[in-house]
1. Restricting attention to segment 33-49, and to residues there that are touching a residue at least 24 places away in the same chain (Cβ under 8 Å) and open to solvent by 60 Å² or more (accessible area, probe 1.4 Å), which single residue is farthest from residue 10 (Cα to Cα)?
2. For residues that are touching a residue at least 12 places away in the same chain (Cβ under 8 Å) and in a helix (DSSP H, G or I), scanning just segment 50-71, find the one that is most open to solvent (accessible area, probe 1.4 Å).
3. Does residue 29 count as open to solvent by 40 Å² or more (accessible area, probe 1.4 Å), at negative phi, at pLDDT 95 or above and not in a helix (DSSP H, G or I)?
4. What residue, among those in segment 16-26 that are touching a strand residue (DSSP E or B) at 6+ places or on another chain (Cβ under 8 Å) and in a helix (DSSP H, G or I), is most open to solvent (accessible area, probe 1.4 Å)?
Amino acid sequence: MFNILVVEDDKNLRKLIVTCLKKNNYNTYESMNGNEALQVLDQNYIDLIISDVMMPNMDGWDTLKAIRKNKKRRILAKIGE
């Protein structure tokens with residue numbers, strides 16, 4: 001089963017995405033900003049991250065930069081602008 005982290009500050013949208021993923025048998029993790037996402041990544045193996053760009057505290061771009069700084073985490077591709 002694939003582990004997907006959904007990073008979205010809009011609670012309703014985050015729940016909608018998570019619900020759709022769970023219905024398709026994906027294991028999901030949730031966070032509402034980049035700081036929380038980094039904590040989830042430190043504690044779990046994540047196959048895919050679906051992230052908003054505009055979020056409080058740490059936006060999607062800063063989250064991506066922080067993920068890339070850690071050699072244990074590998075990002076192969078970023079999709080979207």
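1. 45
2. Out of the qualifying residues, it is 62.
3. When the stated conditions are applied, residue 29 passes them.
4. 22
The values are calculated or read from the model by the stated rules, or taken from the named source; none is laboratory data. Bear in mind that the values here come from a model prediction, so they are computed numbers and not experimental data. Cβ coordinates were reconstructed from backbone atoms using ideal geometry, including for glycine residues, and neighbour counts include every protein chain displayed. The accessibility values were calculated without ligands, DNA or RNA, using every heavy atom of the protein model including side chains. Shrake-Rupley method; radii C 1.70, N 1.55, O 1.52, S 1.80 Å.
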